[in-house]
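Everything below concerns the one structure shown next.
The values are calculated or read from the model by the stated rules, or taken from the named source; none is laboratory data. Since we're looking at a predicted model, the values are computed, not measured. Cβ sites come from the backbone with ideal geometry, for glycine too, and all protein chains shown count toward neighbours. Side chains are part of the model used for accessible areas, which takes the heavy atoms of the whole protein and leaves out ligands, DNA and RNA. Shrake-Rupley method; radii C 1.70, N 1.55, O 1.52, S 1.80 Å.
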Amino acid sequence: MNPEPDVPANHDENRRTFLKQSSLLTAFALVPGPVVSAAAAQLDERVADAFEKVPLNLKVNGQKVKLSVEPRTTLLDLLRENLHLTGTKKGCDYGQCGACTVHVDGQRVNSCLSFAVMHEGKEITTIEGLAEGDKLHPMQEAFVKHDGFQCGYCTPGQIMSAVACVREGHAGSESEIREFMSGNICRCGAYSNIVAAIQDVKKGGQKV
């Protein structure tokens, strides 16, 4: 077996320098002038403040919302940090777990992968917007009935996807439900109970 090739002692340092320089060049090409000026002046901690905010109008859970946000703000962070709707969870932050699922104009969306400014004028529904006052949404009731959650962290995203599953006509069979819901991870393993809850709502014919 050939021995491992020698790696120069300064290899890691050169790699870090290359990555920093590449990131800076990318920033110069993509971000507004004020940000470039801040970076050039070695004021990295002020870069965030240099972004210009833009106006944004949304309808969130039936209420009109008007605010100013940085263009880089994700829909997830807007909901949690600006509007304090913390039912939508930040899980992996890479669009792989489904904990942040919300509805945008009725379609399910991973809010961690979507910039808030992309949704100007659109209607956003979060887990807080499903119930009508003290009356739970049929899918919420079904999750309680079938014990479709354990730790509960993934539950808001599971319920939002489950509602979309029924609305979009993907609840015809257990296998179809499992396929549609595959983007929502439950680390507690309550999948069979989640499927049962969705089937219950589908068979019951409740409006979702």
>> So, in region 124-142, exactly how many residues are without any contact (Cβ under 8 Å) to a residue 60 or more places away in the chain and surrounded by fewer than 19 Cβ atoms within 10 Å (Cβ to Cβ)?
In response: 7
>> As an exercise: evaluate P156 against (1) open to solvent by 30 Å² or more (accessible area, probe 1.4 Å); (2) in contact with a Gly (Cβ under 7 Å, 6 or more places away or on another chain) and give the number of the one condition it does not meet.
In response: (1)
>> Looking only at region 57-88, filter to residues that are within 17 Å of F115 (Cβ to Cβ) and hydroxyl-bearing (S, T, Y); which one of those is least open to solvent (accessible area, probe 1.4 Å)?
In response: T88
>> Looking at G121, G98, G91, can you tell me which residue is part of a loop (DSSP other than H, G, I, E, B), touching a Ser or Thr at 6+ places or on another chain (Cβ under 9 Å) and either modelled with pLDDT of 95 or more or open to solvent by 70 Å² or more (accessible area, probe 1.4 Å) (or both)?
In response: G98
>> Pairs needed: first member in region 100-114, acidic (D, E); second member anywhere, at pLDDT 95 or above and surrounded by fewer than 24 Cβ atoms within 10 Å (Cβ to Cβ); C-beta distance under 8 Å; at least 6 residues apart or different chains.
In response: D105/K122; D105/E123
> Out of curiosity, is S182 under 20 Å from the mean Cα position of the chain (by Cα), without any contact (Cβ under 8 Å) to a residue 40 or more places away in the chain, open to solvent by 50 Å² or more (accessible area, probe 1.4 Å) and farther than 16 Å from G205 by Cβ?
Replying inline: yes
>> Considering only region 167-180, I want to know if a residue exists there that is among the hydrophobic types (A, V, I, L, M, F, W, C), assigned to a loop (DSSP other than H, G, I, E, B) and out of contact with any His (no Cβ under 8 Å at 6 or more places or on another chain).
In response: yes
>> Yes or no: region 144-154 includes at least one residue that is in contact with a helix residue (DSSP H, G or I) (Cβ under 7 Å, 6 or more places away or on another chain) and among the polar types (S, T, N, Q).
In response: no
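Can you tell me which residues in region 101-111 are outside any strand (DSSP E or B) and either open to solvent by less than 40 Å² (accessible area, probe 1.4 Å) or in contact with a Gly (Cβ under 8 Å, 6 or more places away or on another chain) (or both)?
Going residue by residue through region 101-111, those that are outside any strand (DSSP E or B) are 105-106, 111.
Within region 101-111, G106, S111 meet the criteria.
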>> Being among the acidic types (D, E), touching a Gly at 6+ places or on another chain (Cβ under 8 Å) and on the phi < 0 side of the Ramachandran plot is true for just one of E174, E128, E179. Which residue is that?
In response: E128
